[in-house]
Each structure stands twice: as structure tokens, then as C-alpha cells.
């Protein structure tokens, strides 16, 4: 392979490179970029989307974990003065230096999409808007409503942090190599924190995770199995006029928030 040839995809890194120019245009349009915007791109791959972002925004920071691709991109994009290309893992490298209001535009590696999404959402208004390519199944979980089989921890915690819409699906034919699953692009707008105190937010997150830890059990039994006092849970549910027989997958986000507050009050 010469220095101008793109390196082949590595399956264990979940590398499926976007090659459809129409999808690239739709992603950039959805991001509504201007010359005043700073953009974070995760997993720039072979740089197809990166170059389009550089034409639309003021400055791009792109994080690539694969040293081969980083070297290839450094040569391919050397002429782009508004691009900062970093070699690193987006799960661990510093992103706190990016300015408030940075826009994330990324084709997320599917094998780390959920933990990476949680990390991005934890930054609040640092990333005010995100346009993300995800596995379609993950996109459906993000926007799932109570009572559906897709509704779970990811749904509740993502909707707690952002307004989310599924913009469009993307066929495997738009990638090389082709993934075995459909993809989708989602748009997220960060919300102000609904729980102001960090410790209270941590307890809320723990409660939600515990509630869904045993999906076939009632909420009371699932929480009891995760170490909660069942009498305390039943008292909180009664205060909220909710039956003790309900399951976590039927409880909307707002009622999860009410339950967390009520359990704080009765302890």
C-alpha cells in the first residue's frame, strides 16, 4: 500500500466507511453549520465526511483511533487549515477543552456507540447539537417510548439529556465494506439538566439502571434485587398513585424523575 492508498478496514474496530456523497450532503445539511461553528468529528475514517465538514464549518477537530488512518488522513487533509486531526480513543481522550456549543457530527463506530454516546451526553451544553450515524437498532432505542420492547436504560437516559429525532435511515450499500445492519442518522439537541445536584443525578442514573436490570420482574422486585428497600419503593409508588405491579418499561421519563425525587423524600 502506498501512502496515497487508503488502508483497508479493520473489522474489530467496526470500520465501515461512508462513501455515498448524497448521505454526506444530508448529514452536513442536518447539522446546519456555519463558518462560526466548531465541530467535533469522531472516527473520520478516510476523510470523506471530514472534507465536507471543513467546507461548511469554521473549525473541525477530528479524533481517529487507528494510526494507519491517522497517517493517511494527515496527508490527505494537509491542505485544510481549519482541521485539527488527533490520534486517540474518543472514549478516553480529552474533549473538555472544546468550546461550549461545539457541534458533534460523527459516524460512530458501532461497537462503542452506546458508551461513547453516554460520554457525549454527559458534557451537557458543551455539545449543544449532535448529528450521529448509528446502528438503526440503537437509533430506535434512543427514541423508544414507554411500553415498547426497545424502551430501556438508553432510552430514558438519552431522553433525559437531549431532545432526539431520527432523521433518516441509511442503507448498507452506502458503506465500504458494507455492514450487516441498517444504519440511521439521529439529531440530538442537549437539554438543561433536570436534576441540578451531581449526587442526585448519580442516584437517578443508578435508579434507572436498577429498574431495568430485571425486565421480567415488577419495578419493586427489580429494585429490591438491586439492593433497594422494597417498602420504601412501594411507599414512593403509592405517593405517586402508581400500582406496585408496574414494570420499568411502562414508566415514562417524567415518572422516573418523580419516583427518584419521592424516594429521596421518604428516606
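The values are calculated or read from the model by the stated rules, or taken from the named source; none is laboratory data. On a predicted model such as this, the values are computed, not experimentally measured, just so you know. Every residue, glycine among them, receives a Cβ derived from its backbone with ideal geometry; neighbour counts consider all protein chains shown.
Observations on the model:
- Residue list for region 88-135, filter: in contact with a strand residue (DSSP E or B) (Cβ under 7 Å, 6 or more places away or on another chain), surrounded by fewer than 16 Cβ atoms within 10 Å (Cβ to Cβ) and under 17 Å from residue 14 (Cα atoms): 88
- Top-ranked residue of region 177-190 - restricted to ones that are buried (at least 16 other Cβ atoms within 10 Å of the Cβ) and touching a strand residue (DSSP E or B) at 6+ places or on another chain (Cβ under 7 Å), ranked as modelled with the lowest pLDDT: 190
- Residue match in region 26-44 (condition: crowded, with 21+ Cβ neighbours inside 10 Å and free of Cβ contacts under 8 Å to residues at least 60 places away in the same chain): yes
- Some residue of region 148-166 being crowded, with 21+ Cβ neighbours inside 10 Å and closer than 14 Å to residue 27 by Cβ: no
- Region 206-250: number of residues that are within 29 Å of the chain's Cα centre (by Cα), in a helix (DSSP H, G or I) and surrounded by fewer than 18 Cβ atoms within 10 Å (Cβ to Cβ): 4
- Pairs, first on the phi < 0 side of the Ramachandran plot and assigned by TED's automatic domain parsing to the domain that holds residue 106 in region 76-93, second part of a loop (DSSP other than H, G, I, E, B) and at pLDDT 95 or above, C-beta under 6 Å, six or more apart: 76/47; 77/47; 83/77; 89/65
- When 213, 184, 238 are screened for being within 18 Å of residue 154 (Cβ to Cβ) and without any contact (Cβ under 8 Å) to a residue 24 or more places away in the chain, only 213 passes.
- Each residue in region 175-194 was checked for being outside any loop (DSSP other than H, G, I, E, B) and in contact with a helix residue (DSSP H, G or I) (Cβ under 8 Å, 6 or more places away or on another chain), and 7 of them qualify.
Every residue, every condition in (1) in contact with a helix residue (DSSP H, G or I) (Cβ under 7 Å, 6 or more places away or on another chain); (2) in a loop (DSSP other than H, G, I, E, B); (3) over 27 Å from residue 180 (Cα atoms), yes or no:
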| residue | (1), (2), (3) |
| --- | --- |
| 12 | no, no, no |
| 25 | no, no, no |
| 39 | yes, no, yes |
| 52 | yes, no, no |
| 63 | no, no, no |
| 74 | no, no, yes |
| 81 | no, yes, yes |
| 93 | no, yes, yes |
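- Residue 133 vs. criteria within 18 Å of the chain's Cα centre (by Cα), on the phi < 0 side of the Ramachandran plot and not in a helix (DSSP H, G or I): yes
- Qualifying residue in region 108-117 (condition: part of a loop (DSSP other than H, G, I, E, B) and touching a residue at least 60 places away in the same chain (Cβ under 8 Å)): yes
For every residue, the table says whether it meets (1) out of contact with any helix residue (DSSP H, G or I) (no Cβ under 7 Å at 6 or more places or on another chain); (2) assigned to a helix (DSSP H, G or I).
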position	(1), (2)
145	yes, no
148	yes, no
154	no, yes
164	no, no
173	yes, yes
196	yes, no
199	yes, yes
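- Any chance residue 68 is out of contact with any helix residue (DSSP H, G or I) (no Cβ under 9 Å at 6 or more places or on another chain) and not in a loop (DSSP other than H, G, I, E, B): yes
- Looking only at region 251-267, and only at residues there that are surrounded by 13 or more Cβ atoms within 10 Å (Cβ to Cβ) and outside any helix (DSSP H, G or I), the one that is farthest from the chain's Cα centre (by Cα): 251
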